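The values are calculated or read from the model by the stated rules, or taken from the named source; none is laboratory data. Note that the structure is a prediction, hence the values are computed from the model and not measured. Note that we place each Cβ from the backbone using ideal geometry, even for glycine, and neighbour counts take in every protein chain shown.
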Amino acid sequence: MTGARQVRIGAVLDEHLLAPALAGTSPISLPAVESLSLAFWKTVGDADFLSMADALHGRFGLSPTCLSVFGNPLASDGEAGLLVEDIASLIDVAPRLGCRLVSTFAGRVPGASVPDSLPRFREVFGPLCDRAASRGVSIAFENCRFGDTWKTGRWNIAMNPDAWELIFDALPGAPIGLEWEPAHQILALADPLVQLRAWLPRILHIHGKDAHVNRDAIALRGIVGIGKIGEERLPCDGDADWADLFAALGAAGWSGAVDVEIGATPGWTGNRALEGMRRALAGLVAARSAGSSHPAPLDAGRP
């Protein structure tokens, strides 16, 4: 495949979607599913990844594209220590599953600024990156800020391009990159297409999620009030032009995966997660087809 068609489309299987997928009762085995990621919150527990991978391969004919566990590995409590151990265990097991990518949050020293969290970031992720490099695995940092700001927060410093620059400079030559999700950047009022083109060499995996900005609310209240300026949505239901994103990916020869993350998408969680997944996959397939049939957007370059 060439152009946008070389970009795979698939699903992030979290705790709500993993069980039905393993049991063979999930209806997401559509032609669109070309990639599968496994994601956990704070801990992987006693998950048997080898058995999971065997079951998923039998069901979908796919090996995991990415293994993920999200939380704050830079905190100083026992929960963070266990999370670091889980990240290390995913790095160890990934090659056995035919997987070369592990994703997580970059974490944050609770209450500290982005720059002040960097020493702890190097302390935690330096050894993890050495471990990953020795196993042919890369680590991707998801760009969800979880309410954090530049000056303070509790979760994740990998929130925006300024922080990404510092993170990559902190570990030069390390096998690290981005698990990029346009929804988070749309809600930061960034242009996802401009950002994608600027950061594509560092993007290892993409979460398929969209967002809509409420311009009327911004016009009335600005962006520093207590109200939300927008909400996350299914891909192709928000402000991103996914056909343009696929065209840009195809033009650059990017051959990774866009995996739909239902996550906290309003209206599509719980019992509606599978319905939302089907809708999202169909939308992305149509956008990829459209992206393959028109010229790639102009290269905006790094802003």
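Here's a check for you: in the stretch 72-103, which residue that is in contact with a Leu (Cβ under 8 Å, 6 or more places away or on another chain) and not in a helix (DSSP H, G or I) is farthest from Leu128 (Cα to Cα)?
Once the filter is applied, the top-ranked residue is Cys99.
Residues in the stretch 160-184 that are hydrophobic (A, V, I, L, M, F, W, C), more than 21 Å from Trp242 (Cα to Cα) and out of contact with any Ser or Thr (no Cβ under 8 Å at 6 or more places or on another chain): Ala163, Trp164, Leu166, Ile167, Phe168, Ala170, Leu171, Ala174.
Of the residues making up the stretch 34-59, those that are farther than 21 Å from Thr104 by Cβ and in contact with a helix residue (DSSP H, G or I) (Cβ under 7 Å, 6 or more places away or on another chain) are Ala55, Arg59.
Residue by residue, here is whether (1) within 20 Å of Ile9 (Cβ to Cβ); (2) out of contact with any strand residue (DSSP E or B) (no Cβ under 9 Å at 6 or more places or on another chain); (3) crowded, with 17+ Cβ neighbours inside 10 Å holds:
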residue	(1), (2), (3)
Lys151	no, yes, no
Asn160	no, yes, yes
Glu181	yes, no, yes
Leu196	yes, no, yes
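Being aromatic (Phe, Trp, Tyr) and not in a loop (DSSP other than H, G, I, E, B) is the filter here; which residues of the stretch 223-277 pass it? Correct list: Trp242, Phe246.
For the stretch 99-122, how many residues meet the condition of being under 30 Å from Asp48 (Cβ atoms) and either at pLDDT below 95 or of a type in the set (A, V, I, L, M) (or both)? Residues meeting the conditions: 3.
Among the residues of this structure, Pro201 does not count as one that is surrounded by fewer than 19 Cβ atoms within 10 Å (Cβ to Cβ), over 20 Å from Ala140 (Cβ atoms) and either of a type outside the set (Lys, Arg) or touching a Cys at 6+ places or on another chain (Cβ under 6 Å) (or both). Every test in (1) surrounded by fewer than 21 Cβ atoms within 10 Å (Cβ to Cβ); (2) under 30 Å from Ala21 (Cα atoms); (3) at pLDDT below 95 is passed by Arg145 save one, and that test is (1). For Pro175, the conditions (1) surrounded by fewer than 19 Cβ atoms within 10 Å (Cβ to Cβ); (2) over 30 Å from Thr269 (Cα atoms); (3) not charged (D, E, K, R) all hold with the exception of (1). Please verify whether the stretch 185-193 includes one or more residues that are within 18 Å of Thr65 (Cβ to Cβ) and in contact (Cβ under 8 Å) with a residue 40 or more places away in the chain. No, the conditions are met nowhere in the stretch 185-193. Looking across the stretch 1-30 at every residue that is farther than 22 Å from Ser289 by Cα, more than 21 Å from the chain's Cα centre (by Cα) and surrounded by fewer than 19 Cβ atoms within 10 Å (Cβ to Cβ), the one that is modelled with the lowest pLDDT is identified as Pro27.
Pairs linking a residue in the stretch 227-246 that is within 14 Å of Glu181 (Cα to Cα) to a residue that is modelled with pLDDT under 95 and of a type in the set (S, T, N, Q), with Cβ atoms under 8 Å and 6 or more positions apart or on different chains, are Glu232/Thr265; Arg233/Thr265; Leu234/Thr265; Phe246/Ser292.
With respect to Gly136, is the statement that it is touching a helix residue (DSSP H, G or I) at 6+ places or on another chain (Cβ under 7 Å), surrounded by fewer than 23 Cβ atoms within 10 Å (Cβ to Cβ), in contact (Cβ under 8 Å) with a residue 40 or more places away in the chain and not in a helix (DSSP H, G or I) true?
Yes: the conditions hold for Gly136.
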